[in-house]
Amino acid sequence: MKRKIFLICIIIAFAATLSAALSACDLFGNKGCGSSHEFGEVIEIKASTCTEEGEGKKVCSVCGYEKRGFVLPKKQHTFGEAEIEEEATCVKKGKESKTCSVCGVKEERVIPQKSHELGGWEIKVEPTCTDNGERVKKCKFCDYEEREKLGTISHDYKETERKEATCEEPGYVKRVCSVCGKTQTEITERLYHSFPEGTEIKYDYRDNSDENYCYYAYRECARCHKDVFYKTQSHSMKKDAEFFVEATCSSTGVGAKKCLYCNRRTTETIPVVPYNHKRGAAVYGERNAENCTVQATVSCTLCGEEIDSWYEPRHDYDAETFVCTREGCGNVKEMPSSYFTYSSTYLGGWAIKGINDKKTADVKKYIDDNDGRIRLPSRGGYPNESDVKGVLDRVFDALGEEYRAKIKYIYVPSGYRQIFSHAFANLSNLEKITFPKTITKIENYALAGCKNLKELTLPYDSYADIIGIFGANKDNLTGYTLTTLNVYRPADKTTVDFASENCVLFENLITVNIYTEFIGGITYTVDGQKINVSRTVLKNGVDETGGTITYYLK
């Protein structure tokens with residue numbers, strides 16, 4: 001067994017050695033490529049045909065070693081021109097074949113079926129205006145054909161009748177088909193009336209019996225010359241004041257109406273209206289002194305029924321101060337503050353500047369209603385109302401001469417402190433003016449031109465220059481009508497002297513009233529002579545009663 005194995009190994013080694021020797025160029029070490037021959041292209045040994053493969057070899061360009069076993073692929077058949085065996089038509093396929101010139105093999109191919117070869121259209125059925133037609137195309141080689149419907153043709157209309165359009169009616173044209181007899185009517189719109197600018201309007205007024213309209217209006221058409229309705233005017237019935245009688249609480253009325261555009265008139269009876277009274281004048285009862293009111297009533301002048309009543313304030317104003325005399329009332333009838341304009345002053349309040357332009361008419365009415373008697377407002381100013389402290393110059397000038405002449409009495413309430421120059425100048429018919437004790441200064445010319453003033457009340461401090469207040473001097477005091485002078489007792493003096501010269505120079509002044517308010521605490525003298533309770537007669541006399549010393553000058 002071991003001998004067999006050894007023998008096998010020897011055989012294998014010999015085979016390997018022989019193989020290496022065969023792969024070398026020279027077994028003994030001469031030129032050799034080993035396993036890296038450089039072969040070129042395959043060289044044909046046996047040519048291939050269209051039926052058999054060929055054989056080839058490659059030769060090493062270095063050592064000349066040949067390597068065989070290369071298979072050469074078969075060649076393609078060499079076919080000649082195709083021969084038509086059966087022509088293709090539009091109803092079946094054809095067939096053709098080719099034969100190899102080398103081996104004689106035959107190859108066949110199916111020829112696709114041909115499309116129909118159609119001729120031109122042929123009319124099979126002629127179309128008419130009522131029926132469709134038909135046409136056909138036929139194949140030149142078979143019985144195949146294509147059909148197509150033909151639409152109807154237009155009617156062959158012939159005009160049979162025509163009417164032209166007018167302004168009021170449309171026109172038309174009638175036609176009939178000469179083939180089928182069908183009729184056709186074509187309408188043309190009416191033309192409408194034509195009214196150029198400036199076309200005259202003709203009015204047809206209706207009589208009074210037409211309940212609805214005053215007139216119909218027409219215009220002539222420029223195209224057809226026909227009078228065409230244009231518009232109408234309905235009655236516009238309004239109250240006919242000439243014949244209308246109002247129904248009242250005791251009698252029927254007549255509802256008369258007249259048209260604004262024509263003479264149509266209508267009348268109807270208006271039933272009695274129980275609440276339609278005729279208002280009479282207000283009748284005032286007795287003044288209620290407890291609340292300063294008076295009741296007013298109004299009665300119907302037709303039936304006598306009382307139809308309204310109300311209470312009105314009715315104060316008993318003092319003729320001098322304009323304050324209600326009822327105890328506890330205190331109502332004051334003074335001019336509203338809004339009647340004036342104001343200017344701020346150094347006096348610590350407002351001063352009246354003039355008449356408010358928007359209130360001039362109200363001021364004039366106040367003067368008329370109060371017979372020229374005026375009480376100036378205690379407070380005023382806008383927007384912050386406060387006490388009035390003075391009167392600036394010419395406050396009444398805006399009223400004009402007519403209404404300045406109507407002012408007869410001016411009451412200046414307590415609180416005023418200064419009257420500026422020309423404040424009340426040229427009030428030609430002013431008869432009386434009262435200044436309060438609070439006045440500290442009345443400037444010269446404050447009453448310039450007020451020659452008809454008959455009574456003047458003022459503080460003692462202003463009395464000293466009474467002539468200057470009038471804007472006069474001792475040499476031109478003629479023409480003044482002052483008859484009464486009232487002077488307030490000064491607050492800070494124990495002896496007060498009145499100079500008769502200040503008064504006597506006024507030719508008409510008769511009485512000087514000195515308001516002492518109480519007897520005692522102060523000594524009054526005239527030209528240095530004491531006035532006392534023993535009725536000392538000085539000049540023409542002195543009288544002392546009720547806290548007032550009256551000094552009679554005449």
Would you pick out the residues in segment 259-277 that are assigned to a loop (DSSP other than H, G, I, E, B) and either under 28 Å from residue 233 (Cβ atoms) or in the same structural domain as residue 303 (by TED's automatic domain parsing) (or both)? 260, 261, 262, 263, 264, 267, 268
Single condition residue 82 does not satisfy, out of (1) within 30 Å of residue 141 (Cα to Cα); (2) modelled with pLDDT under 75; (3) of a type in the set (A, V, I, L, M): (2)
Under 8 Å by Cβ, and 6 or more places apart or on different chains, what pairs join a residue from segment 125-137 that is under 14 Å from residue 154 (Cβ atoms) and in contact (Cβ under 8 Å) with a residue 24 or more places away in the chain with one that is part of a loop (DSSP other than H, G, I, E, B) and of a type in the set (Gly, Ala, Ser)? 127/151; 129/154
Quick one: which residue in 202, 231 is assigned to a strand (DSSP E or B), among the charged types (D, E, K, R) and loosely packed, with under 12 Cβ neighbours inside 10 Å? 231
Would a scan of segment 138-154 turn up a residue that is surrounded by fewer than 13 Cβ atoms within 10 Å (Cβ to Cβ) and under 30 Å from residue 226 (Cβ atoms)? no
Taking segment 321-338 and keeping only residues that are surrounded by 13 or more Cβ atoms within 10 Å (Cβ to Cβ) and not aliphatic (A, V, I, L, M), one is left with 321, 322, 324, 325, 326, 329, 331, 333, 334, 336, 337, 338
Which pairs do you get when a residue that is farther than 17 Å from residue 435 by Cα, found in segment 465-488, comes within reach of a residue that is surrounded by fewer than 16 Cβ atoms within 10 Å (Cβ to Cβ) and at pLDDT below 80, reach meaning Cβ atoms under 6 angstrom, with the pair 6+ apart or on two chains? 481/508
Condition first: buried (at least 17 other Cβ atoms within 10 Å of the Cβ) and part of a helix (DSSP H, G or I). Can you find one or more residues in segment 376-387 that meet it? no
Could you please let me know if residue 109 is exposed (fewer than 14 other Cβ atoms within 10 Å of the Cβ), modelled with pLDDT under 90 and of a type in the set (D, E, K, R)? yes
Kindly establish whether residue 57 is surrounded by 13 or more Cβ atoms within 10 Å (Cβ to Cβ) and part of a loop (DSSP other than H, G, I, E, B). no
Hey, does segment 13-32 have a residue that's modelled with pLDDT of 75 or more, more than 30 Å from residue 145 (Cα to Cα) and more than 60 Å from the chain's Cα centre (by Cα)? no
Could you go through segment 515-522 and let me know if any residue there is at pLDDT below 70 and either under 60 Å from the mean Cα position of the chain (by Cα) or small (Gly, Ala, Ser) (or both). yes
Looking at residue 177, is it touching a Leu at 6+ places or on another chain (Cβ under 6 Å), in contact (Cβ under 8 Å) with a residue 12 or more places away in the chain and surrounded by 12 or more Cβ atoms within 10 Å (Cβ to Cβ)? no
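The values are calculated or read from the model by the stated rules, or taken from the named source; none is laboratory data. Model, not experiment: these values are computed from the prediction. Heads up, the Cβs are rebuilt from the backbone with ideal geometry, glycines too, and the neighbour counts pull from every protein chain shown.
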